[in-house]
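Participant: One structure follows; several queries about it will come next.
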Amino acid sequence: CAVKAAHMLSEIAKNEEMKIPCIEADLVLALIPLLESTDQEMLLHAGRAIGRICYDNRSLQEELVKVGVIPSLVRILTDYAESEPLVHVALLALYNLADLDSAKEALSMTKVAEQLVKQLRRAESHERLEIVFEVLQALAENDALKVQLVDAGVPEVLSEILLRLQGSSQAEDTCIVKAASDLIVSLLLGGTKTGQGLLLILQKRWQRLNLHHCFLPLSPAWFCLSPDGNCLRLFQLGVIHQLLDLLEKHVQSGDTSVQQAALSALQSLAVPVVSKGQMLEEGVAKRIEALLRSESPPVQFRLLGTLRTLADGQADAAELLGQDPLLLDRLVQWCSGGNHSGICGEANRLLASILHHNRSQEVVKAIQAAQGVKHLVSMTTSEQAAMQNEALNALAIASAIDLETLEESFKESQLVQSLHKLLRDDNTSPEVKYNSMGLLCRLLNSGDLRQEIEEDKIKDTLERLCSHSNADVVKGAITTLQVLRGET
C-alpha cells in the first residue's frame with residue numbers, strides 16, 4: 001500500500017490547508033526513507049509529496065537536509081537520468097533547497113555538477129533549461145561548488161547553448177540567453193581560480209564562437225570582474241575592440257540596449273587603475289564620443305559614467321577629454337538641461353572630474369570658453385555633499401592652475417557669496433566647510449576676489465568657525481584667517 005499512500009499524500013499536499021496537518025502528523029519523516037526505493041513510481045509520489053509539504057517552509061527544508069535528503073536527490077538524478085518525471089521532481093527539490101547554506105555544503109560532497117551538466121545537454125524544453133539554470137545559479141554562490149561546476153564543463157555547455165540560440169528573436173530564447181549569460185557572470189565573479197578557468201575556456205573558443213554577439217547585449221555585468229588579472233586577460237582577448245565595434249555598429253542601428261550594455265562593460269573595465277592607461281591607448285575615449293549625439297537618457301547616463309571612470313586619477317585622460325570642444329559643448333548643454341536630473345548631475349560630475357584630475361592650463365581655458373565654470377559653481381550648492389565636495393575640489397585645483405582665466409566667471413557666478421553661505425549654514429557638513437575654506441585660500445590670490453571676500457565680511461564667519469566642534473573645520477578656519485591677514 002506504500003505507493004498508493006504516497007500517491008494520495010502527494011495529491012492531498014496540493015491543498016495549502018492540508019500542509020500543516022501533514023507536518024503535525026510527521027508524514028515528512030515517514031516519507032524520506034521511501035526516497036531510497038528502487039521503485040520509480042514510489043520515488044515519484046514520495047518526492048512530490050515531500051516537495052509539496054515542505055514548499056516555502058524553511059525550517060522543514062533545513063530538517064530535510066539534516067536527515068540526508070540531498071544524497072538521495074542526487075542519486076535519483078544519477079540513476080534515473082532518462083526519466084523525465086523523476087528528473088523533474090529531483091530538480092524541483094534541489095531548486096527549493098539550493099538557497100540553504102547547509103544544502104550547498106551537502107551538495108559539495110556529491111557529484112551534482114556532473115549530473116546537472118548532463119541535464120543541460122539533454123534538456124529539450126525551455127522550462128527544463130530554466131529550472132537547471134536556477135539550480136546552478138544558486139550553487140554558483142558557493143566557492144567549492146563553483147570550482148566543481150567549471151571542472152564539470154558548465155561553461156562549455158553554456159557557450160554551446162548561447163551559440164545555438166544566437167540571433168534568435170523569440171522571447172523564450174531571449175530569456176534562456178539571459179539566464180545562461182547571467183550564470184557565466186556568477187562563475188566569473190567567483191574566486192581567481194574559477195574566473196581564470198572560465199576565461200581560459202573562452203580564450204580557446206572566442207574567435208570561433210563569437211560569444212560577444214550572444215550575451216554581451218544582455219549581460220553587461222559579465223565584465224564586472226575584480227581587478228585580479230581578469231581584466232587584463234580580457235584585454236588580451238581583444239574584448240575592448242569587440243566592444244567598440246559593437247558600439248559603433250549599434251549607434252548606426254539605434255539599438256540603445258546594446259549601447260548601454262557595451263558602455264557598462266567598458267565602465268567596469270575602466271575601474272582598475274592598470275586598465276585606464278591601456279584603454280586610453282586603445283582610443284576608447286575618442287571612439288565612444290560618437291554617442292554624444294544620442295538622445296537616449298540611459299545611453300547618455302552610461303556614457304557620462306564611463307568617461308568619468310576613465311578620467312578618475314588619470315591626468316592624460318582628463319587632458320584629452322578637457323580639450324575636446326564637441327564633448328565640452330555637449331556637457332554644458334546637459335548641465336543646463338532640466339528635463340533629466342540624473343543626466344544633469346552626471347554631466348556636472350564629469351566636468352568636475354576633468355578639472356580635478358587635469359594639470360593643464362589649456363583644459364582650464366577650454367572649460368572656461370565653453371562656459372562650464374558657472375555650472376561647477378552651481379554644483380557647490382548641490383543638495384548632495386559628495387557633489388559639493390567634488391565641485392569645490394575641482395575649482396580649487398583649477399584656481400591653482402590658472403586663477404586669472406577663471407576670475408571673471410567666479411565674479412559673475414558669485415562664487416564668493418556661495419562659499420560664504422556654505423560656511424554660515426549650520427547644516428553644511430564639516431567636509432564641505434573645510435573644502436570651501438580651501439577654495440577661499442586659492443581665491444585670495446586674486447586682488448578683485450580678495451576684495452569681495454573682505455566686503456562680504458567672511459572674516460567674522462571664519463572667526464566663529466575657530467570654535468567649531470570639528471577639528472578639521474577649526475584648522476581650516478585658522479589657516480584661511482592667516483592667509484586673509486597675510487600671515488602666511
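The values are calculated or read from the model by the stated rules, or taken from the named source; none is laboratory data. The model shown is predicted, which means the values in this text are computed figures rather than measured ones. As a convention, Cβ positions derive from the backbone with ideal geometry for all residues, glycine included, and neighbour counts pool all protein chains shown. Note: accessible area is taken over every heavy atom of the protein model, side chains too, but ligands, DNA and RNA are not part of it. Shrake-Rupley method; radii C 1.70, N 1.55, O 1.52, S 1.80 Å.
Participant: To the nearest 10 degrees, how steeply does helix 341-357 sit against the main Cα axis of the chain, on a 0 to 90 scale?
Facilitator: Its long axis makes an angle of about 60 degrees.
Participant: With contacts defined as alpha carbon pairs under 8 Å and 6 or more residues apart, what's the relative contact order of the chain in percent?
Facilitator: Working: 591 pairs, mean separation 31.7, N = 488.
Across the chain, relative contact order equals 6 percent.
Participant: State the volume of the convex hull built on the alpha-carbon positions of the stretch 414-487, expressed per residue in Å³ and rounded to an integer.
Facilitator: Spelled out: Cα convex hull of the stretch 414-487, divided by residues, is 73 Å³.
Participant: Separate question: Need one number: the % of Cα-Cα pairs in the stretch 358-418 sitting beyond the 16 Å mark. Before the final figure, lay out each step's value.
Facilitator: Numbers: 676 of 1830 pairs.
The proportion of pairs with Cα distances above 16 Å equals 37 percent.
Participant: Kindly write out, for the stretch 107-114 in residue order, the coupling ³J(HN,Hα) from the Karplus curve 6.51 cos²θ - 1.76 cosθ + 1.60 (θ = phi - 60°), rounded to whole Hz, with x marking Gly and Pro.
Facilitator: Calculated HN-Hα couplings, in order: 5, 5, 8, 10, 9, 5, 4, 4 Hz.
Participant: Let me ask something else. Suppose a student asked you for the relative contact order of the stretch 306-411, using Cα pairs under 8 Å spaced at least 6 residues apart; what percent would you report?
Facilitator: 29 percent
Participant: So what's the angle, to the nearest 10 degrees on a 0 to 90 scale, between helix 2-12 and the longest Cα principal axis of the chain?
Facilitator: Rounded to the nearest ten degrees, it is 40.
Participant: Could you sort 147-158, 397-408 so that the peptide with the highest average Cβ count within 10 Å comes first and the rest follow in order?
Facilitator: 147-158, 397-408
Participant: Mind pulling the angle between the C-alpha long axis of helix 239-253 and the longest principal axis of the chain? Nearest 10 degrees, somewhere in 0 to 90.
Facilitator: Tilt of helix 239-253: around 80 degrees.
Participant: Moving on. With a ≥ b ≥ c the root eigenvalues of the C-alpha gyration tensor of the stretch 313-398, is it rounded (a/c under 1.5), prolate (a/b larger than b/c) or oblate? Show your work: numbers first, answer last.
Facilitator: Values: a/c = 1.80, a/b = 1.26, b/c = 1.43.
Judged from the Cα gyration tensor, the stretch 313-398 comes out oblate (a/c at least 1.5, b/c at or above a/b).
Participant: For the stretch 374-456, what D do you get in µm² per second when you plug the Kirkwood radius from alpha-carbon pairs into Stokes-Einstein at 25 °C and 0.890 mPa s?
Facilitator: In µm²/s, the coefficient is 198.
Participant: To make sure I understand the rule: partners must be lysines, Cα under 30 Å from the Cα of K249, and not fewer than 8 residues away in the same chain. Which ones qualify?
Facilitator: Partners within reach: K178, K204, K276, K286.
Participant: Moving on to the next point. Bin width 10 Å, alpha-carbon pairs only: give the P(r) of the stretch 129-173 as whole percents, running from 0 to the bin holding the largest distance.
Facilitator: Final binned percentages: 25, 49, 23, 4.
Participant: Could you rank the peptides 431-441, 348-358, 412-422 by their average count of other C-beta atoms within 10 Å per residue, with the highest value first? Could you put the intermediate results ahead of the total?
Facilitator: Details: 431-441: 23.0, 348-358: 25.6, 412-422: 18.7.
Most protected by this proxy first, the peptides run 348-358, 431-441, 412-422.
Participant: Enter the accessible area per residue of the chain (Å², integer; probe 1.4 Å; all protein chains in place).
Facilitator: 45 Å²
Participant: Next question. For the stretch 1-64, what % of the accessible area comes from carbon and sulfur atoms, probe 1.4 Å?
Facilitator: The nonpolar share, carbon plus sulfur, comes to 55 percent.
Participant: Per residue and in cubic angstrom, what volume does the convex hull of the Cα atoms of the stretch 1-81 have?
Facilitator: Here the figure is 86 Å³ per residue.
Participant: How large is the accessible surface of E248 in square angstrom, using a 1.4 angstrom probe and rounding to the nearest 10?
Facilitator: Approximately 70 Å² of E248 is accessible to the 1.4 Å probe.
Participant: Cα to Cα, under 21 Å, and not fewer than 8 places away if on the same chain: which lysines meet these conditions relative to K14?
Facilitator: Straight-line reach from K14, under 21 Å: K4.
Participant: Give the whole-number value, in cubic angstrom per residue, of the convex hull volume spanned by the C-alpha atoms of the chain.
Facilitator: So the per-residue hull volume is 190 Å³.
Participant: Can you pull the Kirkwood radius for the stretch 29-163, inverse mean 1/r over Cα pairs, to one decimal in Å?
Facilitator: Averaging 1/r across every pair of different Cα atoms and inverting gives 14.9 Å.
Participant: Moving on. Can you pull the percent of the stretch 313-398's accessible area that's carbon plus sulfur, 1.4 Å probe, other chains left in place?
Facilitator: Carbon and sulfur: 46 percent of the exposed surface of the stretch 313-398.
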